[in-house]
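Report on the following structure.
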Amino acid sequence: MALPTDAKPLRADAERTVRAILEAAEKVLSANPAATMEQIAEAAGVARTTVHRRFASRDALLAALAAWATRQFHEAVEAARPDTAPPAVALYQVTANVLRVKIGWGFAMGALPTDAPEVARVHADVLASCARLFARARAAGLLAPDVDPDWARRVYYALIHEAATEAPDSDAAVDALATRVVDTLLRGIGTPARA
């Protein structure tokens, strides 16, 4: 499934309708991946014909949902200013932002087509941002000088993935999860060795 990248900009009202449909699709498909376009339309509060006018097929809707989630993921990382904010602040903010996307758009994030060029480009860009952030964190003393940054990033990604499965019900709960992820990454979960 290719992601649409050359769509014309929509009017504000049409954009709100599309967003409502995508948000409804995320909610409905998370609960029932076999849900129909009619069920999605009902959840969005629009006519089935409106959904079909915006998305010619279920595959087109899923591609748009994946494209939306991909953009949200990229914007979540960029909003944390990983190249300019102090490394500790950026690490926490990237974590909180990405958790919000992974939790809020879990179905779409899980359905991203790994062979789509746009998904690959965004993931490569995010990976490069994280690599620079982890290098900055090591230079700032947040990570031990001998830590393998690739290993640290993979552990970090795994922590985020696991944290996102908890499905917190408030922003405060997401913030607490982000703090737990960063604390686990930087301080571990074991007790310090005694001298």
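Suppose we filter the stretch 73-86 for residues that are without any contact (Cβ under 8 Å) to a residue 40 or more places away in the chain and crowded, with 20+ Cβ neighbours inside 10 Å; how many remain?
As a first pass, look at the stretch 73-86 and keep what is without any contact (Cβ under 8 Å) to a residue 40 or more places away in the chain: 75-76, 79-81, 84-85.
The next check asks that each one be crowded, with 20+ Cβ neighbours inside 10 Å; those that pass are 76, 80.
Qualifying residue count for the region: 2.
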When (1) in contact with a helix residue (DSSP H, G or I) (Cβ under 9 Å, 6 or more places away or on another chain); (2) of a type outside the set (A, V, I, L, M, F, W, C); (3) over 18 Å from ALA124 (Cβ atoms) are applied to GLU78, the one that fails is (3)
Check VAL28, VAL18, VAL46 and return the single one that is under 22 Å from the mean Cα position of the chain (by Cα) and farther than 15 Å from TRP68 by Cα.
-> VAL28
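Is one or more of the residues making up the stretch 9-28 under 30 Å from LEU143 (Cβ atoms) and modelled with pLDDT under 95? Steps first, please.
We begin by selecting, within the stretch 9-28, every residue under 30 Å from LEU143 (Cβ atoms); these are none.
No.
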When you go through (1) within 24 Å of PRO33 (Cβ to Cβ); (2) of a type outside the set (Phe, Trp, Tyr); (3) touching a residue at least 60 places away in the same chain (Cβ under 8 Å) one by one for VAL101, which number turns out not to apply?
-> (3)
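Scan the stretch 97-119 for residues that are of a type in the set (Gly, Ala, Ser), surrounded by fewer than 21 Cβ atoms within 10 Å (Cβ to Cβ) and in a helix (DSSP H, G or I) and report the count. Outline the logic, then answer.
As a first pass, look at the stretch 97-119 and keep what is of a type in the set (Gly, Ala, Ser): 104, 106, 108, 110-111, 116.
Now narrow it down to the ones that are surrounded by fewer than 21 Cβ atoms within 10 Å (Cβ to Cβ): 104, 106, 110-111, 116.
Within this subset, residues satisfying the condition of being in a helix (DSSP H, G or I) are 104, 106, 110.
Residues flagged as of a type in the set (Gly, Ala, Ser), surrounded by fewer than 21 Cβ atoms within 10 Å (Cβ to Cβ) and in a helix (DSSP H, G or I) within the stretch 97-119 amount to 3.
Taking the criterion of being within 11 Å of the chain's Cα centre (by Cα) and crowded, with 19+ Cβ neighbours inside 10 Å, would at least one residue in the stretch 49-63 satisfy it?
Going through the stretch 49-63, the residues within 11 Å of the chain's Cα centre (by Cα) turn out to be none.
No, the stretch 49-63 has no match at all.
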Right, VAL89: of a type in the set (A, V, I, L, M, F, W, C), in a helix (DSSP H, G or I) and surrounded by 18 or more Cβ atoms within 10 Å (Cβ to Cβ) or not?
-> no
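The values are calculated or read from the model by the stated rules, or taken from the named source; none is laboratory data. All values derive from a computational prediction rather than experimental measurement. Every residue, glycine as well, gets a Cβ built from its backbone with ideal geometry; the counts of neighbours run over all protein chains shown.
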